[in-house]
Amino acid sequence: MAGGVPGVGSSRGVPRLDPEQPLPPGSNRSRILGGGESGSRSVWVAVASTVIFFGLAVVLIVSSPGWPEIKSTFFNGRIFSESFPKIVRQFSTNIFIFIVAEIFVLIVALFFAVLRSLPGPVFAPLRILAIAYTDVFRGIPTILVISLLGFGMPALQLQGLPKSEVFWAIVALVLVYSAYVAEVYRAGIESVHPSQTAAARSLGLSRMQSMRHVVLPQAVRRVMPPLLNDFIGLQKDSALVAFLGVVEGLQTANIISAAEFNYTPFVSLALVYLVITIPQTRFVDWLIARDRRQRQGGTTL
Amino acid sequence: MNTTASERAAIVVEGLHKSFGELRVLRGVDLEVADHEVICLIGASGSGKSTLLRCVNLIEPVDAGRIVVEGDEITAPGVDVNAIRRRIGIVFQSFNLFPHMSVLRNITLAPTKVVGASSSQAEAQARELLDRFGLADKADEYPDRLSGGQQQRVAIMRALAMQPDIMLLDEVTSALDPELVAEVLDVIRELAASGMTMLIATHEMGFARDIATRVCFLDEGVIAEQGPPEQIFSEPEQERTRQFLARIVAAGRM
């Protein structure tokens, strides 16, 4: 091991470009950024071509023969301003459903992921249980699970069993999405090198302590993007509760749409979803970037 | 501890066997380490040095034989593994620092979680260690921002923070750039001077000759020869020890 040549493999001695220093004329920096043109000029070209492209697209759509019908059916200003506040108000039910579901998903999924990564023959039954759970609930359509629990459980008429559709819808979403998220967690846990566990155990930490303090924090950081993916999926699937007759966002849009013979309320609801989901993506990107900055101290790789 | 005099040694290894599948790595290792001894294990890659260290810390379960640490048989069934590991520190070739924690947190994690030290207590101790080994200004850095030599010194401090009676060092300089080896070896020298009992697997022959109270040459899963460093390096008795050292000299590593 270890080559005998000093300095090999070390980052020292490699000349670094000082960002403060002006670049010598003819350096390739501007060529990389602007495809052979100077930086500010290429920005103007980008802006102009974008404006022209989308301007033409808008003109083309608006001047097409069917546009007035499309506009009054999907983008009706009066119906939009009337329906939007109502939909937002009822959307609070969706928000309640997915926030409660997400909290439980984080816990239940972690439980099954940890079960599945227990080593040794003694834990075989628990591993089998965890595998069976993910197989079953990943394999059934979400709407089927919601129907089974949302219609079925209240129909049992059992004492002490909640009859609320919202309750059972949350249970169904937790069951389905925990199966997905458990797999995401597991991928994260397995991506942490075993030497990390070895180091933790060698210091006297128990198996659970190593998991809690060393493996999981690293695993969760790595799976943030796919975790958010599943959460956005869950937020969108909160609309499936409409199927049980709960008056939430989609059901409200449905009612208004049927009364007005117009589809603008659905566009309003679509807008609400976008306003909710897009900032989350940006937020997670920011979290990841911040974590990397903290660990590597501003080195941009 | 109610034990016989012969078992009062820091470490006693008897007839240790360990296989990975078909591969028989350790084939009956016997070794006795007294308190304050510094033992260097030398031998070719694959001769079982690392495996022996990992067995002493119970990272690898042993197949046969027994290991007694300060009178307690740690290979006995039902033994509290975590309690034993607290008394034995191990440092790895690849540092294995926790990348999501600051240097300070790397060092204080085990004392707070395992022994139940208060965080102020653990922090004071960690800063003392950082001070002693010249890394006081790196307490709040993350491992990715340190050089390999600094990372390995932190790994040694992390093990020392548990105040172990014995330190196991597994080729701790093998992953380092040559110019960073010295700073790590200096730390180990200081530990030896302070009387720490150490079992060191190493390829640094000059260092082994310098620091060891005894050198053990491992070959084909057994200790083929052992003795004081002057004897092993100058007039080895075994033919295979001679051959191994000749290869090291030919490679320009001694």
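Read-outs throughout are calculated quantities, based only on the coordinates presented, and are distinct from any laboratory measurement. Since we're looking at a predicted model, the values are computed, not measured. Every residue, glycine among them, receives a Cβ derived from its backbone with ideal geometry; neighbour counts consider all protein chains shown.
Listing for the model above:
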read-out	value
Positive-end extreme of charge dipole, chain A - chosen from A:W168, A:G150, A:A124 (charges on Cβ)	A:A124
FRET efficiency estimate (nearest 0.05) - Cβ-Cβ, A:S191 to B:E22, R0 25 angstrom	0.30
Net charge of neighbours whose Cβ lies under 14 Å from the Cβ of B:A212, counting Lys and Arg as +1 and Asp and Glu as -1	-1
Residue order, fewest to most beta carbons within 10 Å, for B:F92, A:F75, A:F84	A:F75, A:F84, B:F92
Ranked A:L287, A:L60, A:L115, criterion: other C-beta atoms within 10 Å, fewest first	A:L60, A:L287, A:L115
Translational diffusion coefficient (Stokes-Einstein; Kirkwood radius from C-alpha pairs) of the range A:177-220 at 37 °C, 0.692 mPa s, in µm²/s	307
Rg followed by Dmax, in Å, when chain A is reduced to its Cα trace	27.1, 83
Segment B:Q243-B:S194, extension gain: residue separation times 0.36 nm, minus the distance between their alpha carbons	14.2 nm
Cα radius of gyration and Dmax for the range A:82-194 (Å)	17.2, 62
Whole-angstrom gap from the range B:144-186 to the range A:83-133, using each part's C-alpha centre	42
Cα-based convex hull volume of the protein assembly as shown per residue, rounded to whole Å³	246
Compactness of the range B:71-112 as Cα Rg over 2.2 N^0.38 Å, two decimals	1.49
Separation between Cα centres of the range A:241-301 and the range B:113-140, rounded to whole Å	45
Convex hull volume of the range B:123-163 per residue (C-alpha atoms, cubic angstrom)	65
For the range A:173-198 and the range B:41-89, distance of Cα centres in Å	31
Whole-number D in µm² s⁻¹ for chain B, Kirkwood Cα-pair radius fed into Stokes-Einstein, 25 °C, 0.890 mPa s	130
